[in-house]
Each structure stands twice: as C-alpha cells, then as structure tokens.
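*Asks:* Can you read through this structure? Questions will come right after.
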C-alpha cells in the first residue's frame, strides 16, 4: 500500500514536471511583445507576428492603466460621454484585456493574433482620447 | 511574627530583577500602545480629510467644465474660482497647506503633504492635468484653442471640438484624482493595518507581560501567605487577634493548646479559658494595645493552669489587621523551673527546710521588723550530738533519715510563724519572732526534750541529743550575723557544759569561746579550701643508715594564720569532731603520695608511710573501710601504709576497745602496719598491748631525751625498748636531736630512729631529693663499725 501510494505520488510529480516543461516549451514558441503604458501613451512594436503572442505590459506610471487588444482597422466607436470607447460595441473584436495595473507593474497577456490590423488602448476615463492608443500590424 | 515579616523577602534578587523587567516592559508597551492609538486616530482622521479633498477634485473638475460651458452660454458661473480651488487643492495635496472650502460644502481645512513617491507622482500628474484643464478652459473662454504640444501632462488630445476636448481633460483630471484618492486611501489603509498589527502586537505583548506580572505577584503573594501561614500555624506560639468585639482570630496552636475549635474561641470564647484574676489585665491590654508584655494564665484541657507570656502588638492602625495582636508563649515550664531553682537555692534538699541563706534572709527581715516594733526575737542554734557516729556506723542513708526526722520534730514544735532551718551538717537553727527570754528558753527546752525521744532509723533505736545555744534580741536595731555568732558561742558553751543542754548567750562567753569558734570555722573552711598539706619526716634504720619509712605530718597553711603547727589546731579538731575529716584527708593524701613515689621507683624496700590516727577515727567504727578505700583509690599495696595510734586511744575499756581491736585486726590482716605512738605515756600494760596486732612501738621523745638526763630515766627507756622487743615488734626512737641521743638509743638496741638529727619534716618534693640519693644524705650520721 505504502509503495503504491509512493509510486502514485512520484508519478504525479513527474506528470507536473513534464507538464511544466511542455507548457514552457509551448510559451517559448509564443513570441513576447514588450509594451509600455504610461501617462498617456502606449508604446509597442508596429509589427507583430501572427499566432500566439505574449504581451509583456509594463506600466511606467504615474497612473494606473488598462491594456486592451482589439482587432479593428477603423476608429473605435465612443460611448455617449464622448470620452471613452464603447467596449461593448467591439466586444467580439476584443482579443485580450488587462484590468488597470498599478504603476511599476509588469503583466503578461497571452493572446492569439491573426493576420490583420489591431489597436492597443487604455480605456480609463479620458485616457483613450488623451492619447493612450496605438495600432499594430499582425503579419 | 512582626520581626519575621521584616526579614522575610518573597522575592530573590533575581526575582526582583525579573519583576522589574516585566513591569518596565509592561509600562513601555502600554505607553507605546496608547501613543500609537492616539497617533493612529489623529492620522486616520487626517487621512480622511486628505482623501475627501482628493476625491473632491474629481467633482470639481467636472463642475469646472460645466461652469465654463455655462459661462460660455451666457449664464452666471465662476469657473475661475473653481479653477483656483482645483489648483490650490492639488498643491495642498502634494505638499500640504490650506485647502479652500467650496461654497455650500465643507469648511476650509489644512492638510499635510503626501510623502509616498508613487502617490506624489500621481498628485503631480493631477496638478499637471488641472493646469491643462484650467488653461484649456480659459483658452476656450477666450475663443482660442491650445495646441497639443503645450499640454503639461504628456497627453495628446487630438479632438478638435473644444468642448469635447475640455471634457476629455476633465475626465483625465477626474480619473487621475480618483486614482490618487484611491492610492492615498490604500496607503492609509495599509498604515492603519500596520498600526492595528502593531497595536495587536503591543496589546498581546502587554497582555502577556501583565499575565507574567500577575503570575509573579500571585506566586509571591502565595509564597508570602504560605510563609506566614506556616509560621503562624506551625509555631508553638499562640497567636491571637483582638478587636472591639473580642477575639477575632486564634491560631491553630491556640486550638491545640485548649483543644477547642477556632469558632469556639472567637468573641468572648477565649476569655473563658483565662484565669479569672488575669482577665481584666488581658482585656485591658487587648483594648489598648498596652502593656507590650503581659503574663497571664489559661486553663488547659486537663484543668491545669498554664503560664503564658505574651507580647502585645497594637496593630489597630494597620488596616490589614485592625486589632491588637497577642503572641503568647507557654512559659509554665520556665516559671516552674524558676520557682524550683529559687526553692532549691533557699531550701535544704534533704529536709525541705530553709537553708542558711534563707534563714539569714528571714533573720534580717525579722530584725527589721523588730527594729520597727521593738518586739524581741531569739535565735536558737542546735547541734546534734552523736550524729557523726550514726552516720559512720549505720551509713549515710541512716544519717539522712535521722536528719529528716529531727527536722520534722523541730518543725512540729515551733509555731507556724517561726522559721526552722538546717544550716548544714547536723546544725539546725530556729528563729523565734516576738518571743521573749522565758518563751524562747522554754521552747528551746521543749525542742531538746522532743529530740531526746528515741528515733528509729533502719531498725536501730537511736537516742540523739543536741546542744543548743540561744541568743536573744531584746528588740530594736541588730545584726543577724552577730546574733548567729552569739548563738554559736552559746552552743559551744552548751557543748562544753555537757550533752543535751542549752545555754543562753552571755557577753562573757564571747571572750571565752570566741577565738576557738573562729578557729573551728576556719578549720572547716580550710578543709574545703585545701589549705592542709602533709610533710614527711624520714625514719632511719640504725643498722643500715637507710630510710625505711616516713611519718606523714599534717600542716595547715592558713591564709590568716600562716603555716600553723598541729598543736594549735589538732586539739580543737579532736574536740569538734573535725579530726575525722582531717584524718581521712591525711590518709588519702599519704596513700596517694606514696603511690606516686612508688610509681616513680623512688622507694627502697621495705618502706612504710606512717599516718597518725585519732581515737575519734577509730571510734567511728569506719576506720578500716576508710583506710581500705584510700588504699584502693591510690592503688597502693597495704604494706606501704602504717597507722600510728596513740596509746591513750587503746586503753579505754568496754565495747569501744573491742571495736578498735576488730578494726585494727582487719587492717593488719590486709597488710597495713600498726604502731603505738607516744609509747610510755599512757600507762598501758603489757597485757593490754598484747591484744592488739602491732608492728612497731614508738618511744616517746621524752624518754629519748631522758636517757641523757639520768641513769634512772635511761633505765626506763631501756625497759621500753625491751618491752617492744618482748612483744616481738620494732622499736623506734622519736625526736633524736643529737649524736649523743643517737648513740644512746643505738646502745639500747633501738631499731629505728627519727628526728631533727637526720631530717626535719620535709615537703614531698624535698623528700624526693633525699630518696633519690639516700646514702649521701645519711652516710655521715652512721658511726663506723656500727652493728647491723
């Protein structure tokens, strides 16, 4: 019994290690895209390869910022306040969202990108129209 | 108990340090906790104001836009004021300072600036956005448009519509303000949480310390309580606490002593056991706390009164006791012992009568009374006759019984107020108060009569008489010492007059007997004080010129009279009976000294130490036992001891002569030598001497000296020597003082000689020198060619 339990534990551990190794190998395939957000800009490479991509989002402050990835080649519609983008309107085109992150934080957002035109933005009140949007081309 | 409490310390020095540390920690943590609480309270109140101001910026930004639009549309509005408030608030949030009030809102307040870098960055951004917003608003009102590049907050507003542009800037300002307020609140939250944690830590620490402190105090208190409880309960001291309402506490020892439970003793319970005569004093002490020492009696369960000695401590002012404390100890045994010692010191153990000290005390008191009252008094001094003989022949137990019976008889005759005392030995004294001449004399007579009735002791019917001296004191001043001495003189006179009588003291008696009485007293003391010693006069064998023995001679080295010759005191010693004691001393000392010489191998063979024995010693009937004891105690063989007995002691007819013969024969059989002293002076017949065991005859010095005076006397002396030889004993010439005397005695056939010609009596150490070299000392005195 004890031996059996020990074997099970060993197998489970092995499985975890193998699994980790597999996922590590998998993320190694996904290229990392470094993005910085700060008052009131988003800096990102113009071109990003299609497929699985990991956005490494660093907030340089001084404010907290969101990070939203939307596939769109036209201007995003605004809410009635004329200040923020209407996220509900392009919900289906949104491929990834990071909720507001504190200044100094570095976060990852894993998305699958297809070829096309994407817009990166922070939609906190006034931020989008205050300059926090950038476009990338996925090839 | 109170003394004990002063010395008792519940804490060791280490314990005291620990306790101090605990108390200090407790005090510090409490103080810190309170300080933190106060600080945190003021801080959180303050942060609330800051957050309120930060949050208000959001509203103000939106209000500013509306006021700008209102003003633009021609309505009344004051956006410039709002802009100023926005700006001042932003500055105050950043670096501290007064925050202006908004109309209809809160009051003006002053806040401190933020220190956290991230919060400051947000606030700076807020300030930038406020600048951008208000400038954009002002430009709009002026009809201008601000270019993107002039914005300070690094924003790029690409919207052309100035209103929307304003709204965006307001939204940004509002958003950043909100975020800043959140940051400040979060930070305040963190601070509060930290403070709460610190307070919890301090609280827990303080609580632990309090517990430790309380535990230490409890332990100490418990130890102290246990200490005192065990002191009180284990102590044999009786501890009682009294209040207004009587006994409030009685220790277990009290319960034990009285066999009563504590409740029975409380209130008036204890007083029931106190001796009625002592209750008032005890109650008084218990009420007033004085006197501090108290003696009282309690009745134990067996009905006996126990003496208690109590220390009274007034603790009425001590709120823990609020009463008078009695620490009592049972001193019954001590009191009994003291009484017994007092009794022993003043009473004669054998008869139970007062002793000389008490008699003197009573006499002095009686004289003092007499001096006041003028009443006469009398001192009767009684000396038993024949007591010594009873003691010696029937033993000391019989003598003791006799004395006890005499004491009873004396006490039975006198009045209860009179004092009968035993002054020592067989001497009794009676003190008669308020008794004149005739009454005293008649009582004295009755006492003697009563005494003469036969007394049965150990199966023997004894007739004891006494000699009584009576000294009368007519009244007035007088000295006890003199009265006693007068009675002594009178008694001596009675003794002289004959047995069984009394004499009244007369002043002329003092002259007659005074000196003798003094001498007798001194002799008694001298015996006690070892003032007597022995000298030894060598006895020389005329044939060999060697020492064959010594005569032990008693000397009295009196501190008042100097070295006193025997002639001065022996007759008195004989008359007073002291000779028996003196004789015993001589026997013991001579035996002991001879045994020492023998042990030192100084003695030639044979050697005899001759000791003079008094007729009185023989008359006691105890001579042989006394001699035997002396020999045994000294470890001396009997043949080294000789007894010289005066001729007169042997010639009495009757039973005493038989007794003497019996004792001497017993001693002779042991090996003790017997000699007749002063031979020729007692007119003893040959027949009388033949009955006695004899070894030597001492020719009295008068005959030795007479040899030179006349032929007639020389013939008598020659007869004496012949008589000795006829009896088969050795003849020794006493008092040889010249060569002529020596030659004569030698010619008469005398065997031994002693006298100044050879040696004066010598001290023991002087004799030792002679014994070490006998030939050197006596060689010259032996004529050439003398017969051996």
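*Asks:* Where the eigenvalues come from the Cα gyration tensor of the protein assembly as shown, what are the semi-axes √(5λ) of the equivalent ellipsoid, largest first, in whole Å? Mind dumping the intermediate values first?
*Replies:* Details: eigenvalues 4169, 355, 122 Å².
One finds semi-axes of 144, 42, 25 Å for the protein assembly as shown.
*Asks:* Which value in nm describes the separation of the simple spin-label points at residue B:702 and residue B:768, placed 7 Å from the Cα toward the beta carbon?
*Replies:* A separation of 3.9 nm, rounded to one decimal place.
*Asks:* For residue B:633 and residue B:740, what is the calculated FRET efficiency with R₀ set at 45 Å and r taken between the beta-carbons, to the nearest 0.05?
*Replies:* Details: r = 44 Å, r/R0 = 0.97.
After rounding to 0.05, the efficiency reads 0.55.
*Asks:* Just need the relative contact order of chain B here, percent rounded to a whole number, with Cα pairs under 8 Å and 6+ apart. Numbers along the way, then the final one.
*Replies:* Details: 1236 pairs, mean separation 52.2, N = 788.
Relative contact order of chain B: 7 percent.
*Asks:* Still on this structure, please answer the following. Of the peptides B:236-245, B:333-342, how do they stack up when ordered by the mean number of other Cβ atoms within 10 Å, highest first? Each step should come with its number before you reach the end.
*Replies:* Details: B:236-245: 17.6, B:333-342: 11.2.
So the peptides B:236-245, B:333-342, ranked by packing, come out B:236-245, B:333-342.
*Asks:* Pulled fully out, how much extra length does the chain show between residue B:160 and residue B:32, if you take 0.36 nm times their separation in residues and subtract their Cα-Cα distance?
*Replies:* Values: separation 128, 0.36 × 128 = 46.08 nm, distance 5.97 nm.
Difference between extended and current length: 40.1 nm.
*Asks:* Using the alpha-carbon atoms, what tilt in degrees (0 to 90, nearest 10) does helix B:711-727 show relative to the longest principal axis of chain B?
*Replies:* Long axis of B:711-727 versus the principal axis of chain B: about 70 degrees.
*Asks:* Let me ask another. What FRET efficiency, computed as 1/(1 + (r/R0)^6) with R0 = 35 Å and r the Cβ-Cβ distance, is obtained for residue B:320 and residue B:277, rounded to the nearest 0.05?
*Replies:* Details: r = 34 Å, r/R0 = 0.96.
E(calc), rounded to 0.05, equals 0.55.
*Asks:* When ranked by the protection proxy of mean other Cβ atoms within 10 Å per residue, highest first, what sequence do the peptides B:359-365, B:194-200 form?
*Replies:* B:359-365, B:194-200
*Asks:* Please state, rounded to one decimal and in Å, the Kirkwood hydrodynamic radius that region B:507-666 gives when every pair of distinct Cα atoms enters the mean of 1/r. It would help to have the intermediate numbers written out before the result.
*Replies:* On the way: mean 1/r = 0.0587 Å⁻¹.
Final number for the Kirkwood radius of region B:507-666 is 17.0 Å.
*Asks:* Give the peptides B:697-705, B:202-210, B:633-641 in descending order of average Cβ contacts within 10 Å, highest first. The partial results should precede the final answer.
*Replies:* Numbers: B:697-705: 22.1, B:202-210: 16.2, B:633-641: 18.1.
Ranked by mean Cβ neighbours within 10 Å, highest first: B:697-705, B:633-641, B:202-210.
*Asks:* Kindly provide the helix-only [θ] at 222 nm of chain B, computed as the sum of -39,500 (n - 2.57) over DSSP H runs of four or more divided by all residues, to the nearest 500 deg cm²/dmol?
*Replies:* Calculated at 222 nm, the ellipticity per residue is -19000 deg cm²/dmol.
*Asks:* Treating the angle as unsigned and between 0 and 90°, give the value, to the nearest 10°, between the Cα long axis of helix B:356-373 and the longest Cα principal axis of chain B.
*Replies:* 90 degrees
*Asks:* Just counting partner chain Cβ atoms within 10 Å, what average do the residues of peptide B:291-297 show around their Cβ? Please list the in-between numbers first.
*Replies:* Working: counts 0, 0, 0, 0, 0, 0, 0.
Taking the mean over all residues of the peptide, I get 0.
*Asks:* Compute for region B:582-672: radius of gyration divided by Kirkwood radius, i.e. Rg/Rh, restricted to C-alpha atoms, rounded to two decimals. Before the final figure, lay out the partial values.
*Replies:* Details: Rg = 13.3 Å, Rh = 13.4 Å.
On the Cα set of region B:582-672, Rg over Rh gives 0.99.
*Asks:* When you look at the Cβ of every residue in A:119-126, what mean number of other chain Cβ atoms sits within 10 Å? Write down the numbers at each step before the final one.
*Replies:* Details: counts 0, 0, 0, 0, 0, 6, 11, 14.
Partner Cβ neighbours, averaged per residue: 4.
*Asks:* Evaluated at 25 °C with a viscosity of 0.890 mPa s, what Stokes-Einstein diffusion coefficient in µm²/s does chain B have when Rh comes from the Kirkwood expression over alpha-carbon pairs? Mind dumping the intermediate values first?
*Replies:* Values: Rh = 39.5 Å.
D, rounded to a whole number, is 62 µm²/s.
*Asks:* Counting only other chains, and only Cβ atoms inside 10 Å, what mean value do you get across the residues of B:176-183? Show your work: numbers first, answer last.
*Replies:* Working: counts 10, 0, 4, 9, 2, 0, 2, 5.
Counting Cβ atoms of other protein chains within 10 Å of each residue's Cβ and averaging gives 4.
*Asks:* Which FRET efficiency value, to the nearest 0.05, is calculated for residue B:329 and residue B:218 with the Förster distance at 25 angstrom and r the Cβ-Cβ distance? Don't skip to the answer; put the middle values down first.
*Replies:* Working: r = 33 Å, r/R0 = 1.34.
Efficiency at R0 = 25 Å is approximately 0.15.
*Asks:* Calculate how large, on average over all directions, the projected area of the Cα convex hull of region B:162-300 is; give the answer in nm² to one decimal. Walk me through the numbers on the way to the answer.
*Replies:* Working: hull surface 66.7 nm².
Approximately 16.7 nm², given one-decimal rounding.
*Asks:* Here's a follow-up. Take the alpha-carbon centre of region B:580-631, take the same for region B:29-50, and report the distance between them in whole Å.
*Replies:* 114 Å
*Asks:* Give me the tail of P(r) for region B:54-136 as a percent: Cα-Cα pairs with distance above 22 Å.
*Replies:* On the way: 841 of 3403 pairs.
Of all Cα-Cα pairs in region B:54-136, 25 percent lie more than 22 Å apart.
*Asks:* Right, here's the next one. Counting pairs of alpha carbon atoms under 8 Å apart in space and at least six apart in sequence, what relative contact order in percent does region B:82-172 give? Show your work: numbers first, answer last.
*Replies:* Numbers: 97 pairs, mean separation 19.6, N = 91.
Relative CO of region B:82-172 lands at 21 percent.
*Asks:* How big, on average over all directions, is the shadow cast by the Cα convex hull of region B:328-425, in nm²? Intermediate values should be presented prior to the final figure.
*Replies:* Values: hull surface 35.7 nm².
Reported value for the Cα convex hull: 8.9 nm².
*Asks:* Which percentage, to the nearest 5, of the DSSP beta bridges contained in the protein assembly as shown is antiparallel? If you can, show how the numbers build up before the last one.
*Replies:* Values: 98 of 133 bridges.
Rounded to the nearest five, the antiparallel share is 75 percent.
*Asks:* Which length gain, in nm to one decimal place, applies between residue B:415 and residue B:192 when the Cα-Cα distance is subtracted from 0.36 nm times their residue separation?
*Replies:* Working: separation 223, 0.36 × 223 = 80.28 nm, distance 10.91 nm.
Gain on extension, residue B:415 to residue B:192, equals 69.4 nm.
*Asks:* Please give the helix B:739-748 orientation as an angle from the longest Cα principal axis of chain B, in degrees from 0 to 90, rounded to the nearest 10.
*Replies:* 60 degrees
*Asks:* Provide the gained length on full extension for the span residue B:344 to residue B:521, in nm with one decimal, where the gain is 0.36 nm per separating residue minus the Cα-Cα distance. If you can, show how the numbers build up before the last one.
*Replies:* On the way: separation 177, 0.36 × 177 = 63.72 nm, distance 2.46 nm.
Contour length minus the Cα-Cα distance gives 61.3 nm.
*Asks:* Then there's this: Restricting the count to DSSP beta bridges whose residues both fall in chain B, what percent are antiparallel, rounded to a multiple of 5?
*Replies:* Numbers: 71 of 97 bridges.
Of the beta bridges lying entirely in chain B, close to 75 percent run antiparallel.
Read the figures in this text as sums done on the coordinates, not as results from a lab. Keep in mind it's a predicted model, so treat the numbers as computed, not measured. Positions of Cβ are generated from backbone atoms using ideal geometry, with glycine treated the same way; all protein chains shown enter the neighbour counts.
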